[in-house]
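First the structure, in the form of structure tokens, and then the observations on it.
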Amino acid sequence: MAMEAQETKRGKAQLKTSSTAEYFAKNLQQVGFSSPTKAVLTTLKEAFDNSLDACEDNDILPTIRVEVEKQGKGSTKNTDLIYISVQDNGPGIPFKDLPMVFGEYLASSKFGRGRCTRGQQGIGISAATTWAMQTAAQGVKVTTKTKGQKKAVECRIEIDLKNNKGLMKDRVDIDWEPKHGTRVEFWIDGRVQLNGEAGIIAFLKSNVLVNPHLELSYKLMEDADVKVERVSDKVPHIPDATAPHPHTMKLGEFMGHGKLYGNIPVKEWLQTAFSRMTNPVFEDLIKNHKVPKKIFDLKLNDIKEADFKDLFTAIQTAELPAPSTGSVLAIGEEGLARSILRLGEIDYFSVVSRKPAICDFKPVQVEVAIARMTSRNDGVNEEDESSEVIRFANRVPLQFDKSSCAIMKAITTVNWKVYGLKQSRNSAPTGPYIIAVSVVSPFIKFKNASKETIDASDELVEEIRRTLMQAGQRLSRHLKKEHKEAMLESKMQHIEQFAPILVEGLVRLTESSQERREMAHKGLLKILGREAKDAKDELAEADRKLEAHLTQKKKRLGAAYDIVTAREDEQEEEESRSEVRAGKKSAKPNTKLKKGVKETVDVIDPEDVKKDAKAHKKPGKPAPVAGVKKAKAELKNTKAKPAPKEIAEAIPAKGKSKGKAKAAPAKKAAPAKKEAPAKGKAKAPVVKVKKAAAAPAPKAPAKKAAPAKGKALPKAAEAKKAPAASKKPEPKSKAKAAPVKKKAKGKAKGKAK
């Protein structure tokens, strides 16, 4: 009996209709209000998108201010009362339209128009008002002012859920500083998430990337104010609306679409409501697909359902031209390149903006930006963690349900290892990278009403994949170049590590001097290019100090800085003029050589030769100093005569351990008229090396002193040579000087006895 009574009650229940507002009020999770955290982000997102669209539709460079603040405890469990404010410099909203904009579902000027705008359905901002009413028992507070208005309108909008109507309350006229614009304020229950892929900062950063013309300032919770300047002064032109392609329709949509246009002829309806329905298409349908010509002349109300189905089937099988790609909007590579630098410390980035393509008979524009960060601010391990993926649909960031999105599927199917990135199987590449993918189309197909993920059709995934591969190729070229530079640097570091050891060994073997050792180290640095790098670093440091000094000086002087600087410049100019008048520029030039520059004229000092011989003397052998003294005395008593080339070449360099003298040139004999100086104080005259080695001296008449000179000079050369030196003279000099050297040696032994 009880069961029968219950069935009777059920049978007596009456059917009733619910308004759209009532449906969404009970199913807010379908439009992005599934959790307190998500509710805060969705509310901010809807207000932010409306502000951007309003500015762009009226050719206004957007300037937006965002504030998010915690103002107490929420009415529901584990929530806070969150204040959200979004203010723009848009055209403003006429006050009579405010109830419809913020309090009525499906009230939109962009619904079904086929434009690349952010909002299209007219659901989001009304759902945010509903959430505010349900959680905080108050609607949305709106302040707006249109151009030419003296005062702004401030009011509160609530929703009549049964009738899907907006209600305006507490309207007042107030003084407001901006000339035009709108401010929207919500008080809702929620929880604030600032960081992470689903955080508010990620949302704002993403909008900065795809909107180079945006100037944004925001204050989030207790954090400091942040301002991001625009990098482009060009407002993007949104193309005109385009009609859908017939091949994108289903039968029910096709028939329902016809009822929207009233009682007009079928041909006129097809040409107006769809794209690519031209006269040649109608001729093809009549000739090849057997569509009766009279159907196109009938009114929409007179056509039968069977004829509708036949017409739809014929259109679907006919070959129609692809839809126009002129309705899509591109950010552009230049805009992306400028915007991506605002995300943080970027090491390198690659940007690709492909030509619009047709996917599933819909025009699509895909753009990709890949950037490598010098350091990530989210505190993750850069090498092990997955790269950050930022997805966009019609320039709106998508922050939830990324696993089933077409963009994520395209990223995971690319082999990133080919381009030098690390990647696990079926996943995004790892490392400190940001991969941003933007898909723009007037007919994007989303998987849900909250527009959180793009439907993954095969053609769309393939188009996104090709764009990613093109960006990966550009990134690969940079990474390969970087790898080569790293390898070269590694080799240079090895040379730097072991070359000094080699230099030290050679110095010990050749018994070279400290000066020669330092010259070898300097030459090594020059070869490796470190010398130029050090000079650049020093120059940069000097510039930095100068800049700091000028900044400090400017701060100290204030407004008088320019005057003082101009006066100092005038004084310097006057001083330079006075120097020119005084003839200081014609003064003797400074003959002091710069560091590292060697003289072209060498001086041979006999005392240095004697000291060098003593330093290299070996035990058991007599020192050949006597030969040097004898040669010295004979040279003084001999008339001036140029030395033969053979004798000049027989005198070797000064051990190559001293850096002062390189090669011993032939000595000029002192004039016979002059008195011989005292012993030990005579110095050889200055002789140019180049002149002595370039051409042999002209032959002079033979004199008696010449043989003595020939015998003594090789002995002086021997005294200069270190016994341990292994360098041999040139073959020509050796052949001619050998007999003279033997006789001189014999005379030296006799003197020693």
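The values are calculated or read from the model by the stated rules, or taken from the named source; none is laboratory data. Predicted model only: the values in this text are computed from it and were never measured. Counting neighbours? That spans all protein chains shown, and the Cβs are built from the backbone with ideal geometry, glycine included. Ligands, DNA and RNA are excluded from the accessible area calculation, which covers all protein heavy atoms including side chains. Shrake-Rupley method; radii C 1.70, N 1.55, O 1.52, S 1.80 Å.
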Point to revise | Residues that are at pLDDT 90 or above and more than 22 Å from the chain's Cα centre (by Cα), drawn from the range 196-220 | key: G199, I200, S217, Y218, K219, L220
**Study point:** Hits in the range 299-334 - residues which are buried (at least 16 other Cβ atoms within 10 Å of the Cβ), in contact (Cβ under 8 Å) with a residue 60 or more places away in the chain and more than 30 Å from P236 (Cα to Cα)
**Key:** F312, I315, L320
Review point. Do you know which residues across the range 273-298 are β-branched (V, I, T) and open to solvent by 20 Å² or more (accessible area, probe 1.4 Å)?
Key: T278, I286
Exercise for review: Looking only at the range 199-219, decide whether some residue is in contact (Cβ under 8 Å) with a residue 40 or more places away in the chain, under 28 Å from A21 (Cβ atoms) and open to solvent by less than 60 Å² (accessible area, probe 1.4 Å).
Suggested key: yes
Point to revise | Residue list for the range 365-381, restricted to those being among the charged types (D, E, K, R), farther than 14 Å from F392 by Cα and either assigned to a strand (DSSP E or B) or at pLDDT 80 or above (or both) | key: R372
Exercise for review: Please list, ordered by first then second residue, the pairs with beta carbon atoms under 7 Å, 6 or more apart or interchain, first in the range 451-467 and modelled with pLDDT of 90 or more, second assigned to a loop (DSSP other than H, G, I, E, B) and among the β-branched types (V, I, T).
Suggested key: I454/I444; R465/V414
Point to revise | Matching residues, the range 53-77, being basic (K, R) and surrounded by 18 or more Cβ atoms within 10 Å (Cβ to Cβ) | key: R65
Exercise for review: Select from the range 382-412 the residues that are open to solvent by 70 Å² or more (accessible area, probe 1.4 Å) and either over 23 Å from K205 (Cβ atoms) or in a strand (DSSP E or B) (or both) and list them in ascending order.
Suggested key: K409
Revision key, fill the gap. When the range 343-364 is checked residue by residue, the ones that are at pLDDT 85 or above, part of a loop (DSSP other than H, G, I, E, B) and touching a strand residue (DSSP E or B) at 6+ places or on another chain (Cβ under 8 Å) are R354, P356
Practice item. Kindly provide the set of residues from the range 150-164 that are modelled with pLDDT of 90 or more and aliphatic (A, V, I, L, M), ordered by number. Key: A152, V153, I157, I159
Check your understanding: Of the residues that sit in the range 421-464 and are under 24 Å from the mean Cα position of the chain (by Cα) and over 21 Å from S206 (Cα atoms), which one is most open to solvent (accessible area, probe 1.4 Å)?
Key -> K422
Practice item. Inspect all residues belonging to the range 37-52 and state whether any of them is in contact with a helix residue (DSSP H, G or I) (Cβ under 7 Å, 6 or more places away or on another chain) and open to solvent by 30 Å² or more (accessible area, probe 1.4 Å). Key: yes
